[in-house]
Amino acid sequence: MKKNLLIIFLLSTVFAGTADGLWAQNDTLQQSRLKRYWNSLVHGNVDRTFERRMDLSFIIAPSYTREGSFGIGGAATGLYRLDRQDSLMQPSDISLSGNASVNGFYTLTVKGNNHFRGNRSRLSYRLQFQNKNLDFWGVSYDACRVNPVSGYRRQMVRWESDYVYKLTLDFHVGAALNLNYTRATRLTRPEYLAGQRSSYFFTGVGLSLQYDTRDFILNPKRGIYFLVREVFYPHWLSSHDRNIFATTLTFDAFVPVWKGGVLAFDLYGQLNGDNVP
């Protein structure tokens, strides 16, 4: 009996050790995957473009907004270099972000900054698709003050881009191209438009002057960014009957502080004007 018990004990110990090894191997594999994902999430701004053709980071999470209700959103960012031999030029970036909700709201945005070879020019761009169910009271202050709430669906496609060229190490001059198409559908009270169109198309061209000393556009740790941009929306390139001017002023300052922190200052202003052709 003692001999049988000894054999059973030895077999149990062997199988237990084997099972523990299998579980340990699975746990190690799961932890390795989790660690890689966590590192890509937390250290996604670390430049690994000399090691990879495209350095990717991503995240997915639930969301809630008053207009969109519950939904799910995500984002992915990629860093890359057109010239992997140039160690002085900061990497180019491209990102994709989106959100979709249970009531039909969705938005998708692609944006990035592409640094061309030689580090003399850069293309910054943003492409956005949007579908929203919104409340609507009218197009004037008095109408919004007295009208009962109604609803509509706003669909929008927007393109914004700036191509800049270096005049000096920090000063850039650029050309801007903006396109915007917006349409209102499913209006429950069409009379609230008061004779206005339900869709508009805008084309804008402009010039910009930039002073930029940021070390990394996507996530700067130090530097100053100052932008002056003037965009002209002519009526003959759009579906509206007025010429529109838009002046944008932006100032950002990033100061490194103790233990790797960054103190950021941001000022932004836009002035719009129009005139009858």
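Suppose we keep only residues that are in a helix (DSSP H, G or I) and open to solvent by 60 Å² or more (accessible area, probe 1.4 Å) within segment 155-213. Which one would you say is farthest from ASP135 (Cα to Cα)? Don't jump to the end; show me each part of the working.
Taking segment 155-213 as the starting set, the residues that turn out to be in a helix (DSSP H, G or I) are 190-193.
Still in the running and open to solvent by 60 Å² or more (accessible area, probe 1.4 Å): 190-191.
On the way: PRO190: 13, GLU191: 14 Å.
Applying the filter and picking the extreme gives GLU191.
Considering only segment 86-141, state which residues are of a type in the set (A, V, I, L, M) and either over 15 Å from SER161 (Cβ atoms) or in contact with a Phe, Trp or Tyr (Cβ under 6 Å, 6 or more places away or on another chain) (or both).
Here is the first cut: in segment 86-141, the residues of a type in the set (A, V, I, L, M) are 88-89, 94, 96, 100, 102, 108, 110, 123, 127, 134, 139.
LEU88, MET89, LEU96, ALA100, VAL102, LEU108, LEU123, LEU127, LEU134, VAL139, listed by residue number.
Does THR107 satisfy being modelled with pLDDT under 80 and closer than 30 Å to PRO190 by Cβ? Give the derivation first.
Working: modelled with pLDDT under 80: no; closer than 30 Å to PRO190 by Cβ: yes.
Considered against the rule, which asks whether it is modelled with pLDDT under 80 and closer than 30 Å to PRO190 by Cβ, THR107 comes out as no.
Within segment 67-94, which residues are open to solvent by less than 20 Å² (accessible area, probe 1.4 Å), within 16 Å of PHE216 (Cα to Cα) and under 20 Å from the mean Cα position of the chain (by Cα)?
Once the filter is applied, which keeps residues that are open to solvent by less than 20 Å² (accessible area, probe 1.4 Å), within 16 Å of PHE216 (Cα to Cα) and under 20 Å from the mean Cα position of the chain (by Cα), segment 67-94 yields GLY78, LEU79, PRO91, SER92, ASP93.
Can you find, within segment 243-263, the residue that is surrounded by the fewest Cβ atoms within 10 Å (Cβ to Cβ) among those that are small (Gly, Ala, Ser) and part of a strand (DSSP E or B)? Steps first, please.
Going residue by residue through segment 243-263, those that are small (Gly, Ala, Ser) are 246, 253, 260-261.
After this cut, where a residue has to be part of a strand (DSSP E or B) as well, the list is 246, 253.
Values: ALA246: 19, ALA253: 17.
Step by step, filter segment 243-263, then rank; the result is ALA253.
Could you please find all residues in segment 39-66 being exposed (fewer than 11 other Cβ atoms within 10 Å of the Cβ) and either part of a helix (DSSP H, G or I) or at pLDDT 60 or above (or both)?
Going residue by residue through segment 39-66, those that are exposed (fewer than 11 other Cβ atoms within 10 Å of the Cβ) are 42-43, 51, 53, 60-62, 64, 66.
Once the filter is applied, which keeps residues that are exposed (fewer than 11 other Cβ atoms within 10 Å of the Cβ) and either part of a helix (DSSP H, G or I) or at pLDDT 60 or above (or both), segment 39-66 yields VAL42, GLU51, ARG53, ILE60, ALA61, PRO62, TYR64, ARG66.
The values are calculated or read from the model by the stated rules, or taken from the named source; none is laboratory data. Since this is a predicted model, take the numbers as computed values, not measurements. Methodologically, a virtual Cβ is constructed for each residue, glycine included, from the backbone with ideal geometry; neighbour enumeration extends over all protein chains shown. Heads up: the accessible areas ignore ligands, DNA and RNA and are worked out on the full protein's heavy atoms, side chains in. Shrake-Rupley method; radii C 1.70, N 1.55, O 1.52, S 1.80 Å.
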